[in-house]
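Peer 1: Structure below; questions to follow.
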Amino acid sequence: MQSKSDTTETILKMDMAKKHSEKKCKQAAFNKWLDWFFCVKTLQCGLCVSVIFPQIFQYLELRDWLNCAEVCCTWKSIIHSGTLWSQINFSAGKDWITDSTVKHILRSYRPFVTNLNLRGCSSLKWPSFKCISECRNLQELNVSECFNITDTVVQKIVEGCPCLLYLNLSCTLITNKTLQELSRSCLSLQYLSLAYCRRFTDKGFLYLTTGKGWRNLIHLNLSGCTQMTVNGFRYISTGCPALKEIVINDMPTLSDSCVLVSALLAKCNCLSAISLLDAPHLSDIAFKAIAEAAKLKTFSTESNNQLTDVSWKALCSNSQGLRRLHAAKCPRMTDASLKSVATLKNLEYLDVSFCSRCVCVVVIAADVTLFHRSSVTKLEELNISHCSNITDASVMRIAQRFCKLYHLDLSYCERLTDLAVEWLSGSSVCSLDISGCSIQDQVKSACLVLPSHIPEKNNNWPLWKTVCNLIFLHF
């Protein structure tokens with residue numbers, strides 16, 4: 001009898017031992033899971049601190065960064081780490097920024113600084129500019145509209161910043177001495193803006209013919225530099241053999257001789273983009289020379305009443321790779337010009353606003369001109385505003401044929417009615433301007449479907465424009 005009792009007791013002990021063992025295993029498993037959980041959470045918190053928070057802070061302005069540094073130690077460590085200070089936009093705080101603030105920031109983070117924007121910071125003086133020259137890794141600098149920028153300041157900066165690729169000196173008081181210094185020191189410079197700098201002369205560009213600093217320049221902006229003559233452009237053509245883009249806007253003094261005699265086009269054979277907005281004295285002679293000498297991808301002109309169909313025929317026949325064409329306010333442009341434009345197979349952007357002589361400006365109600373050509377397959381932006389001959393039938397053709405068009409400007413096309421918007425309701429257009437048109441309130445519902453047709457290719461098109469740029473100002 002005792003033997004049976006011993007057996008029962010042994011079984012109970014074994015059962016208890018088994019349960020105890022299982023409990024210990026479960027506890028061990030739970031502890032391991034708990035350790036893993038805390039490890040993951042720790043890593044996630046570390047990820048927030050090292051990756052997510054800096055990405056959020058990048059969208060804030062300079063003053064916000066300084067304020068965030070006072071919130072807590074974690075934020076302070078992120079702000080002071082240097083990762084945010086590669087691109088500094090002092091221009092956003094130009095109303096309150098001081099020399100002491102700029103001096104403190106640049107001296108603290110100068111090894112990290114590669115991009116500086118001081119546009120319009122007119123209160124800054126020598127202490128700030130001296131600190132800029134100590135940023136040895138600086139690649140992009142914008143000091144436009146800084147009226148304390150002088151030749152001495154530029155010399156100090158370019159001597160201390162050998163890696164400069166981008167330099168914007170527009171609306172400053174520089175003279176020929178700055179151009180001389182740039183030609184001697186800026187061996188890597190690729191982008192230069194001298195727009196609206198009125199104190200240098202043609203002689204300043206003479207230094208380009210002897211120096212090495214402009215040999216790699218690919219973009220030059222000379223807008224508003226009305227003091228320039230033929231000689232200045234001649235020196236540029238000699239000193240900038242790699243030039244690809246030139247901007248000469250707002251130049252009422254620009255004449256045909258500046259283009260022809262200077263040999264700018266003959267020597268700068270890499271030119272692919274030219275902008276000549278508000279250059280009213282250029283004629284077909286100059287534009288034909290441009291068309292024959294350069295294989296352009298971008299061409300812009302505006303407010304020129306001398307250009308005829310001859311210019312556009314020459315341009316389109318010689319630059320079949322043209323992607324962007326801005327030809328606003330050219331009153332002598334006719335349907336013959338548009339037939340030449342129709343041959344451009346890679347055209348993505350077209351602006352022929354205020355061209356009233358074109359019968360239907362890119363669009364003819366009958367099935368002619370652009371609509372049976374392969375050129376329309378890539379057109380993404382079209383501006384035909386203030387063209388009084390555009391009709392509902394024209395808009396119908398646009399909706400049917402322009403399969404990749406996402407921005408359309410029909411503002412002040414007075415002959416359009418509600419039917420025009422109805423034609424666009426099922427098209428690819430997602431940004432529409434019909435201000436100044438005789439459109440009734442009931443067509444708003446038709447416009448609401450436009451944003452749903454967003455081309456996948458146009459990821460860079462701002463979302464707020466996609467949703468909100470349906471402009472209704474006059475119904």
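The values are calculated or read from the model by the stated rules, or taken from the named source; none is laboratory data. The structure displayed is predicted, hence computed values, not measured ones. All Cβ positions, glycine included, derive from the backbone under ideal geometry; neighbour counts span all protein chains shown.
Peer 1: Check L208, L187, L220, L192 and return the single one that is at pLDDT 95 or above, over 19 Å from G120 (Cα atoms) and out of contact with any Pro (no Cβ under 6 Å at 6 or more places or on another chain).
Peer 2: Working: L208 fails: at pLDDT 95 or above; L187 fails: at pLDDT 95 or above; L192 fails: over 19 Å from G120 (Cα atoms).
Just one listed residue meets the conditions, L220.
Peer 1: Something else now. Taking the stated definitions as given, is L192 crowded, with 18+ Cβ neighbours inside 10 Å, in a strand (DSSP E or B) and at negative phi? Steps first, answer last, please.
Peer 2: On the way: crowded, with 18+ Cβ neighbours inside 10 Å: yes; in a strand (DSSP E or B): yes; at negative phi: yes.
Yes; evaluated as a whole, the condition is true for this residue.
Peer 1: Run W65 past the list (1) of a type in the set (A, V, I, L, M, F, W, C); (2) surrounded by 13 or more Cβ atoms within 10 Å (Cβ to Cβ); (3) modelled with pLDDT under 70 and report the number of the one that doesn't hold.
Peer 2: (3)
Peer 1: Across the range 293-323, what is the total count of residues that are farther than 14 Å from S272 by Cα and more than 25 Å from the chain's Cα centre (by Cα)? I'd like the intermediate steps shown before the answer.
Peer 2: Let us first name the residues in the range 293-323 that are farther than 14 Å from S272 by Cα, namely 301-314, 317.
Checking the rest, the ones that are also more than 25 Å from the chain's Cα centre (by Cα) come to 304-314, 317.
Number of matching residues: 12.
Peer 1: V362: assigned to a loop (DSSP other than H, G, I, E, B), at pLDDT below 85 and within 21 Å of F299 (Cβ to Cβ), yes or no?
Peer 2: Working: assigned to a loop (DSSP other than H, G, I, E, B): yes; at pLDDT below 85: yes; within 21 Å of F299 (Cβ to Cβ): yes.
Against the criterion (assigned to a loop (DSSP other than H, G, I, E, B), at pLDDT below 85 and within 21 Å of F299 (Cβ to Cβ)), V362 qualifies.
Peer 1: Please determine, by comparing only the residues of the range 324-352 that are among the basic types (K, R) and assigned to a loop (DSSP other than H, G, I, E, B), which one is nearest to S272 (Cα to Cα).
Peer 2: Step one: list which residues in the range 324-352 are among the basic types (K, R), which gives 324, 329, 332, 339, 345.
Okay, now just the ones that are also assigned to a loop (DSSP other than H, G, I, E, B), so 329, 332, 345.
On the way: K329: 23, R332: 25, K345: 17 Å.
Per the criteria, the residue is K345.
Peer 1: Output the residues belonging to the range 386-435 that are at pLDDT below 85 and in contact with a strand residue (DSSP E or B) (Cβ under 8 Å, 6 or more places away or on another chain).
Peer 2: Selection gives nothing.
Peer 1: Confirm whether D99 is surrounded by fewer than 19 Cβ atoms within 10 Å (Cβ to Cβ), within 27 Å of S193 (Cα to Cα) and over 29 Å from the mean Cα position of the chain (by Cα).
Peer 2: Working: surrounded by fewer than 19 Cβ atoms within 10 Å (Cβ to Cβ): yes; within 27 Å of S193 (Cα to Cα): yes; over 29 Å from the mean Cα position of the chain (by Cα): yes.
Against the criterion (surrounded by fewer than 19 Cβ atoms within 10 Å (Cβ to Cβ), within 27 Å of S193 (Cα to Cα) and over 29 Å from the mean Cα position of the chain (by Cα)), D99 qualifies.
Peer 1: Quickly run through the range 417-428 and pick out the residues that are of a type outside the set (S, T, N, Q) and in contact with a helix residue (DSSP H, G or I) (Cβ under 6 Å, 6 or more places away or on another chain). Spell out how you get there, then give the answer.
Peer 2: First pass over the range 417-428, keeping only residues of a type outside the set (S, T, N, Q): 418-424, 426.
Answer for the range 417-428, where residues must be of a type outside the set (S, T, N, Q) and in contact with a helix residue (DSSP H, G or I) (Cβ under 6 Å, 6 or more places away or on another chain): D418, L419, A420, V421, E422, W423, L424.
Peer 1: Now a separate question. Here is a list: S128, S91. Which entry is under 25 Å from the mean Cα position of the chain (by Cα), among the hydroxyl-bearing types (S, T, Y), surrounded by 14 or more Cβ atoms within 10 Å (Cβ to Cβ) and assigned to a helix (DSSP H, G or I)? First the steps, then the outcome.
Peer 2: Working: S128 fails: under 25 Å from the mean Cα position of the chain (by Cα).
Exactly one of S128, S91 is under 25 Å from the mean Cα position of the chain (by Cα), among the hydroxyl-bearing types (S, T, Y), surrounded by 14 or more Cβ atoms within 10 Å (Cβ to Cβ) and assigned to a helix (DSSP H, G or I), namely S91.
Conditions tested, residue by residue: (1) closer than 24 Å to E134 by Cβ; (2) in contact with a helix residue (DSSP H, G or I) (Cβ under 6 Å, 6 or more places away or on another chain); (3) hydrophobic (A, V, I, L, M, F, W, C).
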site	(1), (2), (3)
C72	no, no, yes
L84	yes, yes, yes
N89	yes, no, no
K94	yes, no, no
I97	yes, yes, yes
V102	yes, yes, yes
I105	yes, no, yes
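Peer 1: Taking the options K203, K177, name whichever one is over 24 Å from V259 (Cβ atoms), touching a helix residue (DSSP H, G or I) at 6+ places or on another chain (Cβ under 7 Å) and surrounded by fewer than 20 Cβ atoms within 10 Å (Cβ to Cβ). Reasoning before the result, please.
Peer 2: Numbers: K203 fails: over 24 Å from V259 (Cβ atoms).
Only one candidate passes the filter, namely K177.
Peer 1: Looking at this structure, is S77 part of a helix (DSSP H, G or I) and either touching an Asp or Glu at 6+ places or on another chain (Cβ under 6 Å) or within 22 Å of P127 (Cα to Cα) (or both)? Give the derivation first.
Peer 2: On the way: part of a helix (DSSP H, G or I): yes; either touching an Asp or Glu at 6+ places or on another chain (Cβ under 6 Å) or within 22 Å of P127 (Cα to Cα) (or both): no.
No: the conditions fail for S77.
Peer 1: Tell me which residues, restricted to the range 320-346, are at pLDDT 90 or above, out of contact with any Lys or Arg (no Cβ under 8 Å at 6 or more places or on another chain) and not hydrophobic (A, V, I, L, M, F, W, C).
Peer 2: H326, K329
Peer 1: Continuing with the same structure: With the structure loaded, tell me whether S311 is on the phi < 0 side of the Ramachandran plot, at pLDDT 90 or above and surrounded by fewer than 23 Cβ atoms within 10 Å (Cβ to Cβ) or whether it fails that test. Step through it out loud before you land on a result.
Peer 2: Details: on the phi < 0 side of the Ramachandran plot: yes; at pLDDT 90 or above: yes; surrounded by fewer than 23 Cβ atoms within 10 Å (Cβ to Cβ): no.
Criteria not met by S311.
Peer 1: Another question about this same structure. Given (1) under 21 Å from S340 (Cα atoms); (2) buried (at least 21 other Cβ atoms within 10 Å of the Cβ); (3) more than 24 Å from the chain's Cα centre (by Cα), where does G239 come up short, assuming only one miss?
Peer 2: Unmet condition: (1).
Peer 1: Here's another thing I want to ask about it. Any residue at all in the range 109-120 that is charged (D, E, K, R), assigned to a helix (DSSP H, G or I) and in contact with a helix residue (DSSP H, G or I) (Cβ under 8 Å, 6 or more places away or on another chain)?
Peer 2: Going residue by residue through the range 109-120, those that are charged (D, E, K, R) are 110, 119.
Within this subset, residues satisfying the condition of being assigned to a helix (DSSP H, G or I) are none.
Looking for residues that are charged (D, E, K, R), assigned to a helix (DSSP H, G or I) and in contact with a helix residue (DSSP H, G or I) (Cβ under 8 Å, 6 or more places away or on another chain), one finds none in the range 109-120, hence no.
Peer 1: Next up: Could we say that A92 is touching a His at 6+ places or on another chain (Cβ under 8 Å) and either within 24 Å of N137 (Cβ to Cβ) or at pLDDT 75 or above (or both) here? Quick ask: steps written out before the conclusion?
Peer 2: On the way: touching a His at 6+ places or on another chain (Cβ under 8 Å): no; either within 24 Å of N137 (Cβ to Cβ) or at pLDDT 75 or above (or both): yes.
No.
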